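See below for the structure under consideration.
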Amino acid sequence: MKVIENIPVYTWLYKPEHAPVGDHGTTHIGPMAEDFQRMTGLGAPDKIDAVDYLGVLTAALQGALLRISELEAAVGKVAGHSDKAARVH
């Protein structure tokens, strides 16, 4: 998940000579391939494989959802203790 937290995100355009067929000069958003490769060890310095990118995002999302569940459980325990304390008084 640290990769997703720390990878720089840019808006960018393909150079016309490198644009894929059908791009038509559209603005894109995302990390640069060089950064993605350096930070994950996946892919090449000139492109990000969609499967690798989705895998990294999926792992980060799973980690975030686990952390949310842990925090919700902790908040529930604290709220439960507060309710008990309030009833005692």
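Computed from the coordinates by the stated procedures, all read-outs in this text should not be read as laboratory data. Every value quoted in this text rests on a predicted model; they were computed, and no experiment measured them. Counting neighbours? That spans all protein chains shown, and the Cβs are built from the backbone with ideal geometry, glycine included.
Treat each spin label as a single point 7 Å out from the Cα along the C-beta direction, and report the Asp49 to Val9 distance in nm.
Result: 2.4 nm between the two label points.
If contacts are Cα pairs under 8 angstrom and at least 6 residues apart, what is the relative contact order of region 23-82 in percent? Kindly include the intermediate steps, with their values, before the conclusion.
Details: 21 pairs, mean separation 10.1, N = 60.
Contact order relative to length: 17 percent.
Once you list every other residue whose beta carbon is under 14 Å from the beta carbon of Gly25, what net charge do they have if Lys and Arg are +1 and Asp and Glu are -1? Display every interim value, and only then the final one.
Details: positive: Lys15; negative: Glu17, Asp23.
So the environment of Gly25 carries a net charge of -1.
Roughly speaking, what is the stretch gain from Ala60 to Arg38, that is 0.36 nm per residue apart minus the C-alpha to C-alpha distance, in nm to one decimal? Mind showing how you got there, number by number?
Values: separation 22, 0.36 × 22 = 7.92 nm, distance 1.72 nm.
Computed gain between Ala60 and Arg38 is 6.2 nm.
Between (i) 8.3; (ii) 4.9; (iii) 5.5, which matches mean projected area of the Cα convex hull in nm² calculated for the structure shown?
(i)
Can you give the FRET efficiency to the nearest 0.05 for His28 and Ser69, using r as the Cβ-Cβ distance and R₀ = 35 Å? Provide the component values of the computation, followed by the final result.
On the way: r = 33 Å, r/R0 = 0.95.
E between His28 and Ser69, to the nearest 0.05, is 0.60.
Provide the per-residue ³J(HN,Hα) series for region 20-31, in order, calculated from phi with Karplus coefficients 6.51, -1.76, 1.60 and θ = phi - 60°, each as a whole number of Hz, with x at glycine and proline positions.
Those phi angles translate into x, 4, x, 5, 6, x, 5, 6, 10, 9, x, x Hz.
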